[in-house]
Structure formats: structure tokens, C-alpha cells
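What follows is a single structure, written as C-alpha cells, with notes after it.
The values are calculated or read from the model by the stated rules, or taken from the named source; none is laboratory data. It should be emphasised that the depicted structure is a prediction, and the values quoted were computed from it without experimental measurement. Note: ideal-geometry Cβ built from the backbone for every residue, glycine included; neighbour counts use all protein chains shown. The area values use the complete protein model at the heavy-atom level, side chains included, leaving out ligands, DNA and RNA. Shrake-Rupley method; radii C 1.70, N 1.55, O 1.52, S 1.80 Å.
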Amino acid sequence: MLKKLKSRRSQTEKWPAVTEDELRALGTDITPDHVLGLRAVTEDYLCKPEDNIYNIDFTRFKIRDLETGTVLFEIAKPPNSGPVEGEEESGDSSAGRFVRYQFTPAFLKLCTVGATVEFTVGDRPINSFRMIERHYFQGRLLKNFDFDFGFCIPNSRNTCEHIYEFPQLPDDLIRQMVAYPYETRSDSFYFVDNKLIMHNKADYAYNGGL
């Protein structure tokens, strides 16, 4: 049975503001409360690939409109392969951790989207696996999503669907987001037992078909 996860309701303005440089100075001690205080998208990664000591590997990702069931985006990682097709493979620190998306303007009108993720874990149990995903446009925070994956048994393959409830955006903001592709950006922070172990980034264009 597919596990469906809804985002926590976080009032991010309640968290003390913090800068990327301040978090970087913390080294490996970055917690969910820390990233909830960020007021801008990060310019670099806040952890290293080797910090993923649990060997969490995302193998499939699908986005669909929950109202119609239409699949909007899907990528899968073949067995024993490198980064998922569509991910940047530049050999630098972003390889396997950055994805670029292009959608049509209609995407910005959607109310509820489901993102199905499939992932495997290594030989350690994961007691508390959490993702905080923050979306920005030109430095403005649009939405904060906060999901709990729950417990993952060792050497398991797991599938869940995150339910994204999008805020209604003003028409003028939608026009700007369409006019300025890839200036909508996101940070996805992954925590185990409240410690940052993975950090992925993405950017988005909404001018597909124009």
C-alpha cells in the first residue's frame, strides 16, 4: 500500500532568521530548526555527499496532478546506474544532487500535486527520516513543505507519495515566474534523527510550450 504523506504546517516566520554562512559554520550540526530560519535559497550545499551514512538512494520520482491523475513528470534510475536521467552529471559537487525542471504555465494553477518517491536504504535502520523543502522565486519564499518519512528498516525499498498543497499565487506573480525561467529555485534538506545528511537543489521553468 502506497503511503501518502502530508506536510507539517510550519509557520516559518516564527523561527529566528539565519544565514547560509551561519549554518555552514555549524559544520555537521545542522538541524531542521536551523534551515527553517533561512530567508533565502542557498547558493551552495550545506553538507557533503559522504554525510549520507545511511546510503539513502532515490531511485524513482513521479509528479502527478491529484485532481486529474495526469502524470506531469517522471524519472527512474536503472539498476546499478549513476545519477537519475535528467540530473546534472558534471563531476562537481552538484552531480546527482541537482535537477532542472520545465513545466507549462498551467502547473502554477494546480492546487494539489502528488510526488511519488521510491528510495532504498543501506544496512542501518532509520528511526526518523524527515525532509524540509523550501521554494523561492527571486529570493522570496513561496512555500515550505515538511514531510516525515517515518521508520525505514535496513536494506529496504520504500515508496511514498508526498501531497503538495500549493498556495494560490497572484496572477502578476505567475506572469513573472513564467517570464523568468529558472529563477524559481528550491532546497530539499533531508534529516535523520534531526541531523542533516543530504541536501538537494532544483530550479524550475514554467514556460514549456510557449
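Among F129, Y180, V99, whose Cα sits farthest toward the positive end of the charge dipole of the chain (+1 at Cβ of Lys/Arg, -1 at Cβ of Asp/Glu, about the Cα centre)?
Looking along the dipole axis, the top candidate is F129.
About its Cα centre, how strong a charge dipole does the chain have in debye, to the nearest 20, once Lys and Arg get +1 and Asp and Glu get -1 at the Cβ? Please list the in-between numbers first.
On the way: 26 positive and 32 negative charges, 131 e Å.
Result for the chain is approximately 640 debye, rounded to the nearest 20.
Given a 1.4 Å probe and the protein chains all in place, what does the accessible area of R157 round to, in Å² to the nearest 10?
Accessible area, nearest 10 Å²: 150 Å².
Where does the chain land at 222 nm, in deg cm²/dmol rounded to the nearest 500, when only DSSP H runs of n ≥ 4 count, each adding -39500 (n - 2.57), divided by all residues?
Values: 3 runs with 18 residues, N = 210.
Rounded to the nearest 500, the figure is -2000 deg cm²/dmol.
Which option, (i) 121; (ii) 173; (iii) 131, is the value of volume of the Cα convex hull per residue in Å³ that was calculated from these coordinates?
Computing volume of the Cα convex hull per residue in Å³ and matching it to (i) 121; (ii) 173; (iii) 131 gives (iii).
Decide, for the range 13-84, between rounded, prolate and oblate: order the square roots of the alpha carbon gyration tensor eigenvalues as a ≥ b ≥ c, take rounded if a/c falls under 1.5, and otherwise choose prolate if a/b is larger than b/c, else oblate. Display every interim value, and only then the final one.
On the way: a/c = 3.08, a/b = 1.48, b/c = 2.08.
Note, shape of the range 13-84 comes out oblate.
Sorted by mean Cβ packing within 10 Å, highest first, what order do the peptides 70-78, 111-119 take? Show your work: numbers first, answer last.
Details: 70-78: 13.9, 111-119: 16.8.
Peptide ranking by packing, descending: 111-119, 70-78.
Per residue, how much accessible area does the chain have with a 1.4 Å probe, in Å²?
Each residue of the chain exposes 52 Å² on average to a 1.4 Å probe.
Between A25 and N194, what is 0.36 nm times their sequence separation minus the Cα-Cα distance? Round to one decimal in nm.
Answer, rounded to one decimal: 59.1 nm.
Any lysines with Cα under 19 Å of the K77 Cα? List them, leaving off those in the same chain fewer than 8 positions away.
K62, K201
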